[in-house]
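K.L.:
Starting off with a structure, shown below.
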Amino acid sequence: MQSSPPPPPTSSSAAKMLYEEGETHDNLTIWTPTNPYRHRSSHRRARICVAITFGILMFGLGVSVGAFLHAMLFPDGSSPIIKFPSFLTSSGSFEESPVNSTVLSHLGSSVELEDSEVIEEEDGMKKDSEEEEEDKGKEKESEEVSEEKNKTKRRGKKEESKEKEEKEKEEKEEEEEEDEAGSGEKFVKANRECTNITWYSSRLPRTAEPIEYDLTLHPNLTNGEVEAEVSIRILIKNETKLLILNAENLEMNSFEITRKGSKLKADFVKCEVMTQWAWKFGKRLHKGDHIVLKIKYSSQMKSDLQGLYFSTHLGTDGKKTKSAATQFEPTFARKMLPCFDEPNFKATFQVSIIRNANHIARSNMNLSFSKEYKNGLIKDEFEKSVKMSTYLLAVAVLDGYGYIKRLTRNTTKPIEVRLYAPEDMLEGQSEFGLDTTIRALEFFENYFNISYPLDKIDLLALDDFSEGAMENWGLVTFRDSALLFNERKASVVAKEHIALIICHEIAHQWFGNLVTMDWWNEVFLNEGFANYMEYKCVDELFPDWSIMSRFYAENLAFSQEPDGFLSSRAIESDDDDSLLNLFDAINYHKAAAIIHMIAEMAGQRNFQTALIEYLNKYAYSNAIGVDLWKIVEKHANLQGRVSIPDLAKAYTTQVGYPLVTVERTEEGILVHNQTRFLFAEGEKAEEKRGDWKWPIPISYRASEDNKKKLHWIQADDRNVTWETPSNGWLILNTGGVGYFKVLYDGDTYRKLVDELTINHTKISPIDRSMILVDSYDLSKTSLLNISVYFDLLEYVESKLSLGYWGIGCVAT
Ligand code: BES
Ligand code: ZN
């Protein structure tokens, strides 16, 4: 049986090589190196474990462990693979693509049309005259080009190179200008090319919203051609003459717009650079109107891992088999169908797929019926979907795939769970994934007290997949190595990784699919929550793994690294350059850590009750962070010290995190100087430290007292003293719940070193991890002498159980 191919390398150069070499991956230029502080999530856990294990082993050998440990833990420059969406990278101009002009009319100017009676034009005639004009234009253009060539020949080499220099200079200046211009301006600039649309935003107008899509697709797996037809029922929300939606790399063949069955006349305009298609109506559409937009179009599938793309399986027999699959998040649905491609345009989708008789077609919903189409083809019609965002739509046409299936038992109604994989990979590798999914569905139905609304869920293993996995409602796609587990060959770490990924994607079926963030600037509401919930789910499903003990290292410590640099950003932020940049360590791991902190402060039961209320209130709709925090506040019990919305706001809208400095005085603990922790020093760092303020929950534990206590530092507090009985050691932020770092005084560090040397088990694994991580980071900033870190680390050499370290990853 063939085992899964390894995950792709995490360094962008290596990834490039991989994709350049793979025959089935074209369009390589989309992979670009990115900010090294933006860590992507996939395969990160394996990296963390390997890194820490290595670090400790090296210490045992007398090597400078600190630098190595952290270099490995957060490998600088091993940046994620991030792609720019094509609406930013393409240099397309405003152009009509060859369309069936018997139906389309072309616009010549950008003036807003006034209310007027629609003049019916002879489309055919218009086409003829336009084509004539176009041909003339082309002739002229080619004449000009050859004239230019001749001129260049005539002018000689010197002039030629001078001209070249000037041109290069101009180009450079243009580039610089472009770099200087903010991303917002970039859009405006891009829009200048689309002068026929008087709409200057990449966001769609809110004057129209889709109600239902009826889509028929025929992807040809042999030549990659896709013929399609979509009918969109649209509700007009406000009077308008303009209808805009998203489309990218699609060829319009014809369109028809009707209202109550009668045709409406509109001019079609296409703006490729903004991935928008627009229609200008002669007469205003009115609030409450229902219109139906029918479009026939075609496209070409590629192996670019976006939209509807080719995924190629290399079989054990060396044979390559092509299937078609989709990846739409965040903005690639527009590559498969013209649509309102924003998360808060939820609608229903009725999908039909035309396929070869020996292929399998799947989509979000169950198959309603199959019927014979022409030429021996089959047409599969799927049930109408629930109301959902475009990025969750999915289809697959599979060649050489098989499946195994089972029904859930402990859910309100039986859910059919199928795992699809290439036939030669199915056997012996599918049981764990299928079983874990069933158990995860049961866990989340129970935790959220909301039934999974569909009748089925498919898990699809793909050879070619850009992410680890994608939560499409009812049809979850996976990189094969993130789903298939070979009990005989694979490691325990791989098993944990697969379980976490499955739990993550199943958590999304509620957090993200049922309730969706209003806009991508709050994608943490999807990803941070799924990241948090995946640990809760795995902890319930596999209690022996003590997965929660990894939470601190993989989320809090992991994200504090990039967040301690000037280049970081707040969780809630617009990243205009590329929405894909938002899927980073801040939105996955910092967000998960902040959610954990809030849940712990609110109380786990209260938090769960709040989540249930939130999911019910915003089901099939969208929400913003504040909507959730207000509900948590209702159920929380913080004894009036600080409100949940304030706590959440401080940590989600401000960049970085605080450093608290501890001193022991006669009176107890003195905690002061709430400043932003930064790895970098110097004036710039001081400037950037800014005037941030955080409320800080300080849970602490003293050597004499096994019970932890909580003390809140208010956002405006500076030097705060409170009484502690302890003369021994003291640990602040015990449990690693608060999102901050702690710097102790020399005496406390000495006491901690003593305790670790005498009986390190008196301090919990998470606290030991935290003390080491913080002290090492502080020594990098010269706030702490590196020798303190080495002293703290010394116990590891004698006390460490390597076996446990290797698996547990936190037994520092
Ligand atoms: N929704 C994401 C997939 C995704 C990531 C789409 C980036 C678009 C851009 C999915 O839920 C996810 O988070 N997948 C992770 C794996 C997960 C276990 C952290 C991934 O692909 O890395
Ligand atoms: Zn996710």
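The values are calculated or read from the model by the stated rules, or taken from the named source; none is laboratory data. Small disclaimer: the values here were computed from a predicted structure and weren't measured. Heads up, the Cβs are rebuilt from the backbone with ideal geometry, glycines too, and the neighbour counts pull from every protein chain shown. To get the accessible areas, we keep the full protein, side chains included, count just its heavy atoms, and leave off ligands, DNA and RNA. Shrake-Rupley method; radii C 1.70, N 1.55, O 1.52, S 1.80 Å.
K.L.:
How about segment 356-465: which trypsin sites (Lys or Arg not before Pro) there lie in a loop by DSSP and see at most 16 other Cβ atoms within 10 Å? Could you put the intermediate results ahead of the total?
P.N.:
Working: sites: R362, K371, K374, K379, K384, K387, K405, R406, R409, R418, R439, K456; in loops: K374, K384, K387, R409.
Here the sparse-neighbourhood loop sites are K374, K384, K387, R409.
K.L.:
Among Q560, L579, C537, whose Cα lies farthest out toward the positive end of the dipole of segment 524-581, if unit charges sit on the beta carbon of Lys, Arg (+1) and Asp, Glu (-1)?
P.N.:
The residue sitting farthest along the positive end of the dipole is C537.
K.L.:
Follow-up question, since we're still on this one. Where does segment 656-790 land on Rg/Rh, using Cα atoms and the Kirkwood Rh?
P.N.:
Values: Rg = 14.5 Å, Rh = 15.3 Å.
That ratio is 0.95, to two decimals.
K.L.:
From a point 7 Å beyond the Cα of L377 in the direction of its Cβ, which residues of segment 321-362 have a backbone N at a distance under 11 Å?
P.N.:
353-357
K.L.:
Given Cα pairs under 8 Å that are at least 6 residues apart, what percent is the relative contact order of segment 354-466?
P.N.:
Details: 168 pairs, mean separation 26.6, N = 113.
Worked out over segment 354-466, it gives 24 percent.
K.L.:
Which FRET efficiency value, to the nearest 0.05, do you get for D574 and W692 by plugging their Cβ-Cβ distance into 1/(1 + (r/R0)^6) with R0 = 25 Å? Walk me through the numbers before you get to the answer.
P.N.:
Values: r = 19 Å, r/R0 = 0.77.
Once the sixth-power term is evaluated, E becomes 0.80.
K.L.:
Here is a follow-up. By the gyration tensor of its Cα atoms, with a ≥ b ≥ c the square roots of the eigenvalues, what is the shape of segment 298-435: rounded for a/c under 1.5, prolate for a/b over b/c, or oblate? All intermediate terms of the calculation are to be shown ahead of the outcome.
P.N.:
Values: a/c = 1.41, a/b = 1.12, b/c = 1.26.
Rounded is the answer for segment 298-435, as its axis ratio a/c remains below 1.5.
K.L.:
I've got another one for you. Could you tell me the relative contact order of segment 667-743? Use alpha-carbon pairs under 8 Å, at least six residues apart, and round to a whole percent.
P.N.:
Values: 109 pairs, mean separation 29.4, N = 77.
Result for segment 667-743 is 38 percent.
K.L.:
Moving on. Modelling each spin label as a point 7 Å along the Cα-to-Cβ direction, I'd like the V626/T258 distance in nm, to one decimal.
P.N.:
Reported label-point gap for V626 and T258 is 4.4 nm.
K.L.:
Continuing with this model, one more query. Given that compact globular proteins tend to follow 2.2 N^0.38 Å, what is the ratio of the alpha-carbon Rg of segment 518-653 to that value? Could you put the intermediate results ahead of the total?
P.N.:
Details: Rg = 14.8 Å, N = 136, 2.2 N^0.38 = 14.2 Å.
Segment 518-653 yields a ratio of 1.04.
K.L.:
Taking K and R as +1 and D and E as -1, what net charge do the other residues with C-beta under 12 Å from the C-beta of D539 add up to? Numbers along the way, then the final one.
P.N.:
Working: positive: K536, R550; negative: E496, E534, E540, D544.
Local net charge: -2.
K.L.:
Can you order the peptides 644-656, 763-775 by their average number of other Cβ atoms within 10 Å per residue, highest first?
P.N.:
On the way: 644-656: 20.5, 763-775: 22.8.
Going from most to least packed, we get 763-775, 644-656.
K.L.:
So with the 1.4 Å probe, I'd like the accessible area per residue for segment 400-517, rounded to whole Å².
P.N.:
Computed with neighbouring chains in place, this is 29 Å² per residue.
K.L.:
Now a separate question. Under the 0.36 nm per residue contour assumption, what length would be gained going from the current alpha-carbon distance of T222 and F679 to full extension? Walk me through the numbers before you get to the answer.
P.N.:
Details: separation 457, 0.36 × 457 = 164.52 nm, distance 5.38 nm.
So the chain would gain 159.1 nm between T222 and F679.
K.L.:
In what sequence, highest mean first, do 271-278, 533-540, 222-229, 444-451 appear when ranked by Cβ atoms within 10 angstrom?
P.N.:
Numbers: 271-278: 24.5, 533-540: 21.9, 222-229: 15.2, 444-451: 17.4.
Final packing ranking: 271-278, 533-540, 444-451, 222-229.
K.L.:
When only Cα pairs under 8 Å and 6 or more residues apart are kept, what is the percent relative contact order across segment 657-798?
P.N.:
25
K.L.:
What percent of all Cα-Cα pairs in segment 400-517 falls in each 5 Å bin, counting up from 0?
P.N.:
2, 12, 24, 25, 20, 11, 5, 1, 0
K.L.:
Further question on the same structure: Which whole-Hz couplings ³J(HN,Hα) result when phi for each residue of segment 427-440 is put into the Karplus expression 6.51 cos²θ - 1.76 cosθ + 1.60, θ = phi - 60°, listed in order with x for Gly and Pro?
P.N.:
5, x, 10, 9, 4, 4, x, 5, 5, 5, 4, 4, 5, 5
K.L.:
Could I ask something else about it? Tell me, what is the FRET efficiency for E239 and S491 to the nearest 0.05, using R0 = 60 angstrom and their Cβ-Cβ distance as r?
P.N.:
Given R0 = 60 Å and the Cβ-Cβ separation, E is 0.45.
K.L.:
Let me ask something else about it. Using only Cα atoms, what is the ratio of the radius of gyration of segment 429-491 to 2.2 N^0.38 Å? Numbers along the way, then the final one.
P.N.:
On the way: Rg = 12.8 Å, N = 63, 2.2 N^0.38 = 10.6 Å.
Normalised by 2.2 N^0.38 Å, the Cα Rg of segment 429-491 equals 1.20.
K.L.:
Set the Förster radius R0 to 56 Å, insert the Cβ-Cβ distance between S368 and D646 as r into 1/(1 + (r/R0)^6), and round the FRET efficiency to 0.05. Walk me through the numbers on the way to the answer.
P.N.:
Working: r = 50 Å, r/R0 = 0.89.
Efficiency, from the Cβ-Cβ distance: 0.65.
K.L.:
Separate question: If I model a spin label at T653 and S782 as a point 7 Å from the Cα along the Cα→Cβ vector, what separation in nanometres do I get?
P.N.:
Distance between the two pseudo-spin positions: 3.6 nm.
K.L.:
Do any of K456/K495; K265/K294; K320/K495; K241/K270; K260/K287 go past 18 Å between their Cα atoms, and which? Intermediate results must be reported in sequence, preceding the final value.
P.N.:
Values: K456/K495 24 Å; K265/K294 13 Å; K320/K495 28 Å; K241/K270 16 Å; K260/K287 14 Å.
Correct reply: K456/K495; K320/K495.
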